Structure formats: C-alpha cells, structure tokens
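**Q** Have a look at the structure that comes next, please.
Just so you know, all these numbers are worked out from the coordinates, no wet-lab data involved. All figures in this text were calculated on a predicted structure; none of them were measured in a lab. Backbone-built Cβ (ideal geometry, glycine too); neighbour counts: all protein chains shown.
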Amino acid sequence: MGTRSIVLTALRAIKTLYRSPMPLRVLELGAGDGTLMLGVARDGGLSWPRVQLTLLDRQTLVDGATINAYAQAGWTATPKVEDVLHWARGPAQWPARWDLIVANLFMHHFEETQLAELLGAVASRSDRFFACEPRRSWPALAGSRLVGVLGANAVTRADAVLSVHAGFRATELSALWPANDTEWQLREYPAGLFSHCFFAQRRASL
C-alpha cells in the first residue's frame, strides 16, 4: 500500500512541529517492530527538533538494534508493552499529553464502540493525530484479491481482503471523533487507490 510514503508526506506537512523549541513527544499506536517510524526518523526531509518516541504495542517486538538505529537518527525511542484499549481506559501517563499520535494500518482492527473509545482517549491526550488505514472501495477490494500475483501466501491474501472490508471511507472516522469543530480541525481523505487518511489537529496548536 506504500503507507510509509503516505505517512511521511502527511508528517512533513505539519509545519507547527518544526517550530517547537522542546523535544517532540510522539506516540505510535500498534507500533509492531517499530520500523515504520524508523523510516520516518531516517528521512532527511523532516527538519524536526529532537523526538522522544514511544512505541506502544501489546507484544514485545522492538529489538535493541532498532532502538540503536533510532538513536543514530537522533531520536529517543522507548517501547511500551500494553494493550491499546487498556492504555485508553487507564490514566494518562508517560506523558499526559502528546504532541503527535500516529497509527498505521491499526484502527481498522477495532469495532465501532472500541474505536470511539480509543479516539476519545487520543483526543484527550494529544494535540495532533494522524492515521493511515485501508480504504474501503471497489478498486481497493479488487487490488486486495490480486496480492497473490505478487507471491503472497493464503493467510496474507485473506488478510488483505478482510482489511479492505474493515477499512474506512468518506468521513467515517471524523464522525467518531469526540470533540467539536471549535476545538479541532479535522481532515479525512483518500491517498492513492488503497489508503484512507485521517488527520486531527487541536486549533490551539495551529
């Protein structure tokens, strides 16, 4: 789906982050092995100040080599092992407010009530949120059925189809966002044929 380039393009556009005099506090939800944001950290087009990144996942997947690679890129990365819904339901911590929260191919795994709960926690604990998710459309569904041509196994082929069915379109994520337009600026848009993006920014941080 080329999601890394989509995430990079979106994060480059958040100009207010470039002006921060303090280290940026960034949280990735469902971070997996941490390699997505490592690609962001290594990108020369991001002229951000120092970044303190927390990689949240319910499994221990981030290894020491990845942490060292972040350090070489000038970022401080800290893995946190916790279920994201437990994080959403618990007290705000490490830190209480994030400059930016990122999710990549993660939000579509939740049912609507869980997703609304998760977005509520994100809104209360961050100034900006960006998510890149599968796009629910006929072209995306057709493309998902062709991944076998690229050599994908049966499990990957099935997951690709299920991800499209669970994906988003139009303003479905905006409708679940808990805060009103006076406090937040929301943008929801397709990216390419297969991806759907959602960006929320607190107006006070513009």
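**Q** Each label point is 7 Å from the Cα along the Cα-to-Cβ direction; what then is the distance between the points at residue 35 and residue 71, in nm?
**A** 2.2 nm
**Q** Follow-up question, since we're still on this one. How charged is the neighbourhood of residue 33? Take every other residue with its Cβ under 12 Å from the Cβ of residue 33, and add Lys/Arg as +1 and Asp/Glu as -1.
**A** -3
**Q** So, one more: Using only the alpha-carbon atoms, what does the stretch 1-70 span along each of its principal axes? Please give whole angstrom values in decreasing order.
**A** 34, 30, 19
**Q** Could you work out the local net charge near residue 79, counting Lys and Arg as +1, Asp and Glu as -1, over the other residues with Cβ closer than 12 Å to its Cβ?
**A** Summing Lys/Arg as +1 and Asp/Glu as -1 gives -3.
**Q** I want to check the label-to-label distance for residue 13 and residue 206. Put each point 7 Å from Cα in the C-beta direction and report it in nm to one decimal.
**A** 1.5 nm
**Q** On to the next question. Grab the Cα-Cα distance for residue 169 and residue 89, subtract it from 0.36 nm times how many residues apart they are, and report the gain in nm with one decimal.
**A** Here the segment from residue 169 to residue 89 would lengthen by 26.1 nm.
**Q** Residue 100: net charge of surrounding residues, Cβ under 12 Å, Lys/Arg +1, Asp/Glu -1, itself excluded?
**A** Spelling it out: positives minus negatives among the neighbours equals +2.
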